[in-house]
Amino acid sequence: SSHIESYFGALPKGELMTPTQVQINTDGEKSHKIPSKTGATSIAIGFPAYSRTSPHRIAQQLLDTMLAKTKSNTRFASITIDEALARSIGTSLFQFSDGGVYSMQIFGESKTSAQAHQRVLDEVERISMTPVGEEELERAKGFYSGMQMISTHDPIEASFFYAMQLLLDGVSGLPGTGEHALRSHAEFISAIKSVPVDEVQGVPQQIFNPK
């Protein structure tokens, strides 16, 4: 604390704000609203996520890529770019996260938030009910495996890839293999490219319940 005071003590001090306590789902409700003093609205939607070690985890991450992991050529891009109903739509499903929740965040204006929310649910339902195309899946595989390949050229990212395996499991294998050995980027990329379209199609049918 002495270091903090010496470096930042001369800065102007603003009003100390106390966070508002929020009680969510105390009555079994599926949604909860928190008032905002600005014109901006943030909406979070939660769905189940497969375990990090599930054999279907890579398929879910490919589904996530198709929905929102790039700024264009994704299912949610039309909501932000073409229809301008939200500033951004993000998702939180990452390779080593294992919180059990697959969340989607919608950031936008209050006047279009209800429409944006409904459109996200529409896309969730559509990807659950209509076949995933081979071309769309190949684009997702290319993006996801490409990001893995790029990370091999960054010493920090490469170290993180192996360190997380050691940290989480001591040693870990590819999801669902039952093997225990450190896996290389090349092996992980191979696993991404080998996921069949019917497995990816089965993911939204299992985890999404937009109604």
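Protein heavy-atom surface of region 54-124, 1.4 angstrom probe: 54% of the accessible area is carbon and sulfur, with nucleic acids and ligands not counted.
Asp198 exposes around 110 Å² of accessible area when a 1.4 Å probe is run over every protein chain in place. Can you give me the accessible area per residue for region 82-158, using a 1.4 Å probe, in Å²? Result: 55 Å² of accessible area for each residue.
Computed with a 1.4 Å probe over protein heavy atoms only, the accessible area of Val197 comes to about 40 Å². Each of Ile81, Ile192 has its accessible area taken with a 1.4 Å probe; listed largest first, they run Ile81, Ile192.
Summarising the amide proton neighbourhood of Tyr102: residues at separation of 5 or more, or on other chains, whose placed amide H is nearer than 5 Å comprise Phe47, Ala49. Solvent exposure of Glu125, expressed as accessible area, is near 60 Å², computed with a probe of 1.4 Å over the protein chains only.
The values are calculated or read from the model by the stated rules, or taken from the named source; none is laboratory data. Owing to the predicted nature of the structure, the values given are computational and were not obtained by experimental measurement. In case anyone asks, the SASA skips ligands and DNA or RNA and just uses the protein heavy atoms, side chains included. Shrake-Rupley method; radii C 1.70, N 1.55, O 1.52, S 1.80 Å.
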